[in-house]
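Readers should treat all values here as calculations from the given coordinates under stated rules, not as data from a laboratory. Not measured: the values here are computed from a predicted model. Methodologically, a virtual Cβ is constructed for each residue, glycine included, from the backbone with ideal geometry; neighbour enumeration extends over all protein chains shown.
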Amino acid sequence: MNTSILKARCAQAGLEAIFEKVMAKERISFDDGVQLYRTQDLHAVGALANHVRERLHGDDTYFNVNQHINYTNVCNKLCRFCSFQRLPKQAGAYVMRPEQVAEKIREQLDEPVTEVHVVGGVYPRLPYSYYIEILEAIKKERPGIHIKGFTMVELIQIAHLAKKPLAEVLPELQAAGLDSCPGGGAEVFAKRVHDEGYHVKNTGEEWIDAARAVHEAGMKSNCTMLHGHIETSEERVDHLNRLRLLQDETGGFQAYIPLSFHPYGNEWSHLPGPSAMDELREIAVGRLVLDNIPHIKAYWIMLGIPIAQTALSFGANDVDGTVVEEKIYHDAGAVTPQAVKRDELICWIRDAGRAPVERDTVYNVLWNGAETKIAGV
Ligand code: V47
């Protein structure tokens, strides 16, 4: 959309002041963020977010070839939105031994996987050595692979087990193979939502402190917000502002991923969950508020491929990866496949009118549409 049409569209939606700030690359305020959630005209918000996406990335749309390993579903955090968690003796509870984690890596050795995404529940009976062993087991099977592992919640638990501050534990995890951290476990930082939905889990402040420690240890991470349950627009903007503030301080976030609440098989199953419109708005508002986080990810596993494709024109410039064997969303009712092939991802990014770019976890370009892959992979 050309700038004068975009301006007229934003003016019609009452978003002229926000339009002017975005054009001037000025930061938008808390009230602006709330207005972006409240305005009826989702398409104006999306078009503005798309303008920023294209200013930063043109048509480029990043993906990677990755594998998920959820080493345990046993968890003591009792989050009301979670369908993945089990108590130790509950049917379906599992913990993978380090050898089983290694076996999962061996199963994919013929695939061009560059990242393994390792997360699990907080099972207090696992010792500190377990976490070191699974990292070492992965790197032993596939030395070049990038391990993006452990949410801030798990890291807080690991430091607790090690009886050391997180800042001292992180170098040990890095020495064992940890390369970066995923963005999960943040949910919504607001105390009201925390107390209502996941009061056993660390607070928003603790999540931010852990992310700061990760960045100070020299690792990148992602960040998320779990939306579409009991949170208000103000609580969402507050969450995004806290991420933006930490990013000003550390620059350690690579991508923001809005996670859509899936209401199946959990204590919040009576809630409707977000609509497609809510999901697209969340992508767009994330892009506009988080002016210092380069990548906004439309996680196709959660959104489904058609909405993820649409999100590529609402501010998103990344779709995550091939994701072999996703469990957390599938336990919560996701009907997407548990993996797609690299070629399928490329096709549907092109089908959305965008240019696929294969990246590694830290956004080095591995392939940019040419026939052959760039050196090294
Ligand atoms: O922390 C759990 C969320 C997260 C449900 O960093 C749910 O690249 C919706 O963080 N409905 C884990 N969401 C997933 C995650 C993630 C995924 C992909 C990429 C990256 C990355 C991170 O999933 C949890 C929680 O916030 N979650 N249950 C549910 N019923």
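Quick look at the values:
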{"read-out": "Among the candidates His68, His43, residue that is closer than 28 Å to Arg354 by Cβ, of a type outside the set (S, T, N, Q) and not in a helix (DSSP H, G or I)", "value": "His68"}
{"read-out": "Test: residue in the stretch 155-162 that is outside any loop (DSSP other than H, G, I, E, B), polar (S, T, N, Q), within 21 Å of the chain's Cα centre (by Cα) and within 30 Å of Asn241 (Cβ to Cβ)", "value": "yes"}
{"read-out": "Where Glu187 falls short, out of the listed (1) charged (D, E, K, R); (2) away from the ligand (no atom under 15 Å from the Cβ); (3) farther than 20 Å from Ile69 by Cα", "value": "(2)"}
{"read-out": "Residues of the stretch 286-307 satisfying the condition of being out of contact with any Phe, Trp or Tyr (no Cβ under 6 Å at 6 or more places or on another chain) and among the hydrophobic types (A, V, I, L, M, F, W, C)", "value": "Leu288, Val289, Ala298, Trp300, Leu303, Ile307"}
{"read-out": "Residues satisfying the stated conditions in the stretch 240-265, i.e. touching a helix residue (DSSP H, G or I) at 6+ places or on another chain (Cβ under 9 Å) and within 12 Å of the ligand (Cβ to nearest atom)", "value": "Phe253, Tyr256, Ile257, Pro258, Leu259, Ser260, His262, Tyr264, Gly265"}
{"read-out": "Verdict on Cys10 being crowded, with 19+ Cβ neighbours inside 10 Å, in contact with a Phe, Trp or Tyr (Cβ under 8 Å, 6 or more places away or on another chain) and part of a loop (DSSP other than H, G, I, E, B)", "value": "no"}
{"read-out": "Residue check, Val319 in contact (Cβ under 8 Å) with a residue 12 or more places away in the chain, touching a Phe, Trp or Tyr at 6+ places or on another chain (Cβ under 8 Å) and more than 16 Å from the ligand (Cβ to nearest atom)", "value": "no"}
{"read-out": "Among the residues listed as Thr232, Thr224, Thr250, the single one being farther than 23 Å from Val193 by Cβ and β-branched (Val, Ile, Thr)", "value": "Thr250"}
{"read-out": "Residues that are within 16 Å of Ser180 (Cβ to Cβ), surrounded by fewer than 24 Cβ atoms within 10 Å (Cβ to Cβ) and among the aliphatic types (A, V, I, L, M), drawn from the stretch 114-133", "value": "Val119"}
{"read-out": "Test: residue in the stretch 49-63 that is under 30 Å from Glu172 (Cβ atoms), of a type in the set (Val, Ile, Thr), within 16 Å of the ligand (Cβ to nearest atom) and surrounded by 15 or more Cβ atoms within 10 Å (Cβ to Cβ)", "value": "no"}
{"read-out": "His215 vs. criteria assigned to a helix (DSSP H, G or I), within 15 Å of the ligand (Cβ to nearest atom), over 22 Å from Phe30 (Cα atoms) and free of Cβ contacts under 8 Å to residues at least 40 places away in the same chain", "value": "yes"}
{"read-out": "Residue check for Tyr123: within 30 Å of Pro171 (Cβ to Cβ) and part of a loop (DSSP other than H, G, I, E, B)", "value": "yes"}
{"read-out": "Complete set of residues in the stretch 283-301 that are crowded, with 24+ Cβ neighbours inside 10 Å, away from the ligand (no atom under 12 Å from the Cβ) and charged (D, E, K, R)", "value": "Arg287"}
{"read-out": "The stretch 245-272, residues that are aromatic (Phe, Trp, Tyr) and assigned to a loop (DSSP other than H, G, I, E, B)", "value": "Phe261, Tyr264, Trp268"}
{"read-out": "Flag for Glu358 being over 17 Å from His227 (Cα atoms) and buried (at least 22 other Cβ atoms within 10 Å of the Cβ)", "value": "yes"}
{"read-out": "Unique residue being of a type in the set (A, V, I, L, M, F, W, C) and either more than 24 Å from Gly144 (Cα to Cα) or in contact with a His (Cβ under 6 Å, 6 or more places away or on another chain) (or both) when the list is Leu345, Leu312, Leu366", "value": "Leu312"}
{"read-out": "Ile132 vs. criteria within 16 Å of the ligand (Cβ to nearest atom) and more than 21 Å from Asp360 (Cβ to Cβ)", "value": "no"}
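Residue-wise test of (1) under 30 Å from Leu15 (Cβ atoms); (2) within 16 Å of the ligand (Cβ to nearest atom); (3) touching a residue at least 60 places away in the same chain (Cβ under 8 Å).
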residue: Cys75; (1), (2), (3): no, yes, no
residue: Arg80; (1), (2), (3): no, yes, yes
residue: Gln85; (1), (2), (3): no, yes, no
residue: Pro88; (1), (2), (3): no, no, no
